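Participant: Before anything else, here's the structure in question.
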Amino acid sequence: MKTKISWRISYPVALATGALALVPFLAIAQQSGAAQELPAAGAPAASAGSSINYEKSFPAIASGQWTGPRLPDGQPDIQGHWSNTIANHNNFEDPNGGSPGERRPANARPLPPRSERAPSRVSDPVDGLVPFQPWAAEKVKEFQQYFANPIKPEYIEPLARCAPAGIPKSLFWHGYEIRQYPGYIVFLFDSGTRIIHLDGKPHLPDNIKLWNADSRGHWEGNTLVVDVANNNSKALFGRTGEFASENVHITERYIFDNSNKRYNYVAVFTDPTVYTQPFTVTVPARRWTLDDKYSGWHFSGKLANHDGKEVLIDRHERICSENNGGFGSVALAVKK
């Protein structure tokens, strides 16, 4: 029986501002054992209002007891606005590396050597590379070859059609909001929503596939453990074309520190039809509040205009307008 493989391609978008974070590469094999502070580089972190964080390293967070606030149903209260801290959506294995075929303006800051940029989102294997089977590695190279010239429909990024960003890209695409309800956790992304069931229900039937998959979780102290199945795998991991098939199984651990200001996302991806071995993705995140300045990347929230006395944050719904304009490598080529 043939194995069905489903994958899609991204379209050209470039960060041409020259304001990318310049941070050293750290191949971090994140574990849930004893916490440790990863070494920091010389330059200070950017202010909270910066469009892209300049965090040079991030702390490992140990799984253990939760001592922070709880909701009436017993869940650790982790509601609020969050965003990853090292870079954003362009590149999966090299977050500060830009997009394939990117045309950088003549006055843009030169990219430093890869060894001086942000850590790969792949923390295991330690080389920071997705362990693709040869045929899958060729598919990624094909995508990158046509990134700036998507001559086939499969080279069009699903986000250009306002589709969800999927797993794990939603966690480093933009900032997002987490809400909690009895038996559920809800992620509100700029590109779609995701519900994590905590009520012990079984997964959906195998023939039902979802953009953000089907998530069944439980709490182990300060760690939300989520079993992820039923992924339609139409979303990519980044604009560099990394992908999974519909056969992928993901085990996620959201490890919150007891200050309730940070968490680390540590997920193991297993897909024997695409990869030579399971691999681990690590994404650090921090909480954003009204004490932080508005940030189009990390915190797209402002005070809501309403008659009540309580303070409400109004998030921007922008994914369609963001992706349907002319920008990126194609836009630069047209201007020339």
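Participant: Looking at the structure I just gave you, is R179 among the basic types (K, R), in contact with a Ser or Thr (Cβ under 7 Å, 6 or more places away or on another chain) and modelled with pLDDT of 90 or more? Give the steps one after another, and end with the answer.
Facilitator: Values: among the basic types (K, R): yes; in contact with a Ser or Thr (Cβ under 7 Å, 6 or more places away or on another chain): no; modelled with pLDDT of 90 or more: yes.
So R179 fails the test.
Participant: Need the failing condition index for Y155 against (1) under 16 Å from the mean Cα position of the chain (by Cα); (2) surrounded by fewer than 22 Cβ atoms within 10 Å (Cβ to Cβ), just the number.
Facilitator: All conditions are met except number (1).
Participant: Would you pick out the residues in the stretch 78-120 that are outside any loop (DSSP other than H, G, I, E, B), over 30 Å from G221 (Cα atoms) and touching a Gly at 6+ places or on another chain (Cβ under 9 Å)?
Facilitator: The first filter runs over the stretch 78-120 and keeps only residues outside any loop (DSSP other than H, G, I, E, B), leaving 80-84, 114-116.
Then keep just the ones that are over 30 Å from G221 (Cα atoms); that gives 114-116.
Matches in the stretch 78-120: R114 only.
Participant: Is it the case, given these coordinates, that R239 is in contact with a Pro (Cβ under 8 Å, 6 or more places away or on another chain), free of Cβ contacts under 8 Å to residues at least 60 places away in the same chain and among the basic types (K, R)? Lay out the reasoning, then the answer.
Facilitator: Details: in contact with a Pro (Cβ under 8 Å, 6 or more places away or on another chain): yes; free of Cβ contacts under 8 Å to residues at least 60 places away in the same chain: no; among the basic types (K, R): yes.
So R239 fails the test.
Participant: Applying the selection to the stretch 249-270, what residues are part of a strand (DSSP E or B) and among the polar types (S, T, N, Q)?
Facilitator: Step one: filter the stretch 249-270 for residues part of a strand (DSSP E or B), giving 249-256, 262-270.
Hits for the stretch 249-270 are T251, N264, T270.
Participant: Here's a check for you: in the stretch 285-312, which residue that is of a type in the set (K, R) and touching a residue at least 40 places away in the same chain (Cβ under 8 Å) is farthest from L188 (Cα to Cα)? Don't jump to the end; show me each part of the working.
Facilitator: Residues of the stretch 285-312 of a type in the set (K, R): 286-287, 293, 302, 309.
Filter again for touching a residue at least 40 places away in the same chain (Cβ under 8 Å), leaving 286-287, 293.
On the way: R286: 16, R287: 14, K293: 20 Å.
Among those residues, the one meeting the criterion is K293.
Participant: Quick one: in the stretch 116-148, which of the residues that are surrounded by fewer than 14 Cβ atoms within 10 Å (Cβ to Cβ) and either charged (D, E, K, R) or within 18 Å of P100 (Cα to Cα) (or both) is modelled with the lowest pLDDT? Step through it out loud before you land on a result.
Facilitator: As a first pass, look at the stretch 116-148 and keep what is surrounded by fewer than 14 Cβ atoms within 10 Å (Cβ to Cβ): 116, 126-127, 134-135, 138, 141, 145.
Of the ones still in play, those that are also either charged (D, E, K, R) or within 18 Å of P100 (Cα to Cα) (or both) are 116, 127, 138, 141, 145.
On the way: E116: 78, D127: 95, E138: 97, K141: 94, Q145: 90.
Only one residue fits best here, namely E116.
Participant: Take the residues in the stretch 246-290 that are within 19 Å of R70 (Cα to Cα) and charged (D, E, K, R), then tell me which one is surrounded by the most Cβ atoms within 10 Å (Cβ to Cβ).
Facilitator: In this case the residue turns out to be R253.
Participant: Can you tell me which residues in the stretch 67-100 are in contact (Cβ under 8 Å) with a residue 12 or more places away in the chain, farther than 18 Å from R286 by Cβ and touching a Pro at 6+ places or on another chain (Cβ under 7 Å)?
Facilitator: Matches in the stretch 67-100: D73, S99.
Participant: Taking the conditions exactly as written (more than 30 Å from D124 (Cβ to Cβ), modelled with pLDDT under 90 and crowded, with 18+ Cβ neighbours inside 10 Å), does I313 satisfy them or not?
Facilitator: On the way: more than 30 Å from D124 (Cβ to Cβ): yes; modelled with pLDDT under 90: yes; crowded, with 18+ Cβ neighbours inside 10 Å: no.
Taking the combined requirement at face value, the residue does not satisfy it.
Participant: Here's another thing I want to ask about it. Considering every residue within the stretch 131-147, establish whether at least one is farther than 27 Å from E252 by Cβ, among the aromatic types (F, W, Y) and assigned to a loop (DSSP other than H, G, I, E, B).
Facilitator: So far as the stretch 131-147 goes, yes, one or more of its residues are farther than 27 Å from E252 by Cβ, among the aromatic types (F, W, Y) and assigned to a loop (DSSP other than H, G, I, E, B).
Participant: With (1) in contact with a Leu (Cβ under 8 Å, 6 or more places away or on another chain); (2) among the hydroxyl-bearing types (S, T, Y); (3) under 22 Å from T280 (Cβ atoms) as the list, and Y184 as the residue in question, which single condition is left unmet?
Facilitator: With (1) in contact with a Leu (Cβ under 8 Å, 6 or more places away or on another chain); (2) among the hydroxyl-bearing types (S, T, Y); (3) under 22 Å from T280 (Cβ atoms) applied to Y184, the lone miss is (3).
The values are calculated or read from the model by the stated rules, or taken from the named source; none is laboratory data. Computed from a predicted structure; not experimentally measured. Don't worry about glycine lacking a Cβ; one is built from the backbone with ideal geometry, like all the others, and counts go over all protein chains shown.
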